[in-house]
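Colleague: Structure below; questions to follow.
Just so you know, all these numbers are worked out from the coordinates, no wet-lab data involved. Because the structure is predicted, anything quoted here is derived from the model rather than measured. Using ideal geometry, Cβ is built from the backbone for each residue, glycine included, and neighbour counts are taken over all protein chains shown.
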Amino acid sequence: MENNNKPGEKINLELMYIYNWLDTLTLSHPKKNISRDFSDGQLLAEVIKHYVPKMVDLNNYLPASTTNQKCYNWNTLQTRVLKKLNVKLSKKEINDIIMCKSLAIEHLLEKVYVGIEKTIGKSLGFKKDDDYVPENSIEELKKNLKNKKIDLKSLKEVVEDLEKKLEILKSEKEDFENQIAKLTGVNNNKNSNNENNIDNNNNNIDTNNNDENKEENGNVNKDDNENKEENGNVSQNDNENKEENGTENKNDNDNKEENINGSNNNDNENNNDEENKDEENKDEENKENEEEKNEEEKSEEEKNSEEEKENNEE
């Protein structure tokens, strides 16, 4: 059982007989921390019932975690049991026990120890000596030590077994991770293969589409070539028509040239006629002018002769 001393605090050897005494008793639950375990009064009622069974009714003392229930247990214990043991307990002492104050429960247990011895009329076998170990507890201590050794051995076996299981779990974990990695790799390969197949299918589709487009383009080109051939034939016919038209136009042009030449000849003839007429007219005018000139000369000569005659007469 753990005592109430704080870490580093000197153990109170005067209270060792109380701890040894409690270790010899079998109670409803293990004693780990005496202050906390006895704070609700239930275990103290069991200790007293062990020596004075008729004095205590355990049904009146239920395990408690709340302060109110603990106070109820201690008030009931004080009224019905502790008074009969000539043990007096103040409200402050009850509050210290409920609050798990250091050494509060130990001092009460000292009083109860004395009260039980007086009530049953015999010693409980424990003394207050610092290094005292009760005779009736030596065998119990040996038994406890043996049990502890057995428990220690069992614990070692449990630890070893757990370590083996842990190693098995680690290996299973590694195997599981490897399987996951393999499955992941297979799935990745499948996905990559599926992607490649999809890409190949798409490429095949594109290739087929290109082939279809080429066939269509080929048909279109074929139609274009046929149209070109037809257009070429039409052009050839057009060219032949043009040649025929050109020949006709040439003939027309020749006729036009002949007509033009004929008209030019007529014009030249007309011009020659007019020139001849103009020359005739000019000749006539020249004749007329010469005649007029001659007449004027005659008239002047006559005039001059008359003037000479007159002058002579004068």
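Colleague: Going highest first, how would you order 142-153, 32-43, 98-109 by mean Cβ packing within 10 Å? Show your work: numbers first, answer last.
Modeller: Working: 142-153: 10.6, 32-43: 19.8, 98-109: 17.1.
The packing order, highest mean first, is 32-43, 98-109, 142-153.
Colleague: Which of the pairs Lys32/Lys91; Lys31/Lys148; Lys54/Lys118; Lys49/Lys111 have their Cα atoms more than 19 Å apart in this structure? Please report the intermediate quantities before stating the final value.
Modeller: Values: Lys32/Lys91 26 Å; Lys31/Lys148 16 Å; Lys54/Lys118 16 Å; Lys49/Lys111 16 Å.
Where the Cα-Cα span goes over 19 Å, the pairs concerned are Lys32/Lys91.
Colleague: Ok, one more. By how many nm would the segment from Lys111 to Lys49 lengthen if fully extended, with 0.36 nm per residue of separation less the alpha-carbon distance?
Modeller: On the way: separation 62, 0.36 × 62 = 22.32 nm, distance 1.57 nm.
Contour length minus Cα-Cα distance gives 20.7 nm.
Colleague: Let me ask another. Could you work out how much longer the chain between Ser90 and Asn312 gets when fully extended? Use 0.36 nm per residue separation minus the Cα distance between them, nm to one decimal. Write down the numbers at each step before the final one.
Modeller: Working: separation 222, 0.36 × 222 = 79.92 nm, distance 21.74 nm.
Extra length available between Ser90 and Asn312 comes to 58.2 nm.
Colleague: What's the local net charge at Ser39, with K and R +1, D and E -1, over the other residues with C-beta under 11 Å away?
Modeller: On the way: positive: Arg36, Lys70, Lys101; negative: Asp37, Asp40, Asp96.
Summing Lys and Arg as +1 and Asp and Glu as -1 gives 0.
Colleague: Output needed: percent of Cα pairs per 10 Å distance bin for the stretch 13-132, bins running from 0 to the one holding the longest distance.
Modeller: Reading upward from the zero bin: 13, 49, 34, 4.
Colleague: If I stretch the segment between Glu172 and Asn200 completely, what's the gain in nm (0.36 nm per residue apart, minus their alpha carbon distance), one decimal?
Modeller: Values: separation 28, 0.36 × 28 = 10.08 nm, distance 4.08 nm.
So the extension gain works out to 6.0 nm.
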